[in-house]
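Student: Mind having a look at this structure? Questions to follow.
The values are calculated or read from the model by the stated rules, or taken from the named source; none is laboratory data. Just so it is clear, the structure is predicted and the values come from calculations on it, not from any experiment. Reconstructed Cβ throughout: ideal geometry from the backbone, glycine too, with neighbour counts over all protein chains shown. Accessible surface is based on the protein model in full, side chains and every heavy atom, while ligands, DNA and RNA are left aside. Shrake-Rupley method; radii C 1.70, N 1.55, O 1.52, S 1.80 Å.
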Amino acid sequence: PGFIIIWDLETLGILEVNKAVVEKYGYTEEEWKNMSVLQYRPKEDYERIKEFAQKMLNGKVPVFGKIWTHLNKNGTEMLMEIASHKIIYNGRKAILSLANDVTEKINAENAFKKSEEKFHSLVDHAADAISTPFSTARPTAPADQLRGGHNDANTEDEFPDNHPHSQS
């Protein structure tokens, strides 16, 4: 469902929300009427939202796809992708925000990135881990011979006459 919040650009007060917002965020319709846009956002976003409101007050350009952190009534963070449009609502300059909850999508993307980083780290270090035990090992007689080296081992003992690597 689309989450629609209409808020006043000058006072930052909530003017209207749809039923989906009431259900998603956990506040009653009456609580929403007495809230500002700051009350369902983390404190670290207050200045950004005030700057955003000022820019929207002075401009007419809609903003699409911006991700904002919202908080529901119990304090759980939700990552909301928001399209914002400047409108006149009941004679007030306002923002019509259409939000889409992208929390699960972003969490899944972040988990995938972490998994991918772990995989690349394992692959990058796998060559070291695999070659380390063999780096000090002495090659076997056939490997030594393939490289053109000499081996003191008795190859007749290593390979019986019927073995494909036996020497004549």
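Student: When you scan segment 102-115, do you find a residue that is touching a strand residue (DSSP E or B) at 6+ places or on another chain (Cβ under 8 Å), part of a strand (DSSP E or B) and on the phi < 0 side of the Ramachandran plot, even just one?
Tutor: Looking through segment 102-115, none of the residues is touching a strand residue (DSSP E or B) at 6+ places or on another chain (Cβ under 8 Å), part of a strand (DSSP E or B) and on the phi < 0 side of the Ramachandran plot.
Student: Can you pull out every residue in segment 51-70 that is without any contact (Cβ under 8 Å) to a residue 40 or more places away in the chain and in contact with a helix residue (DSSP H, G or I) (Cβ under 8 Å, 6 or more places away or on another chain)?
Tutor: If the condition is that a residue be without any contact (Cβ under 8 Å) to a residue 40 or more places away in the chain and in contact with a helix residue (DSSP H, G or I) (Cβ under 8 Å, 6 or more places away or on another chain), then 63, 67, 68, 69 are the ones that fit.
Student: Which of the residues that make up segment 86-101 are open to solvent by 60 Å² or more (accessible area, probe 1.4 Å) and assigned to a strand (DSSP E or B)? Break it down stepwise before answering.
Tutor: From segment 86-101, those open to solvent by 60 Å² or more (accessible area, probe 1.4 Å) are 86, 88, 90-93, 98, 100; that's our starting set.
86, 88, 92, 93, 98, 100, listed by residue number.
Student: May I pose another question? Consider segment 48-83. How many of its residues are closer than 12 Å to residue 103 by Cβ and either of a type in the set (Gly, Ala, Ser) or open to solvent by 40 Å² or more (accessible area, probe 1.4 Å) (or both)?
Tutor: 4
Student: Working only within segment 3-47, note down all residues that are in contact (Cβ under 8 Å) with a residue 60 or more places away in the chain and open to solvent by 40 Å² or more (accessible area, probe 1.4 Å).
Tutor: Listed by number, the residues that qualify are 4, 10, 15, 16, 24.
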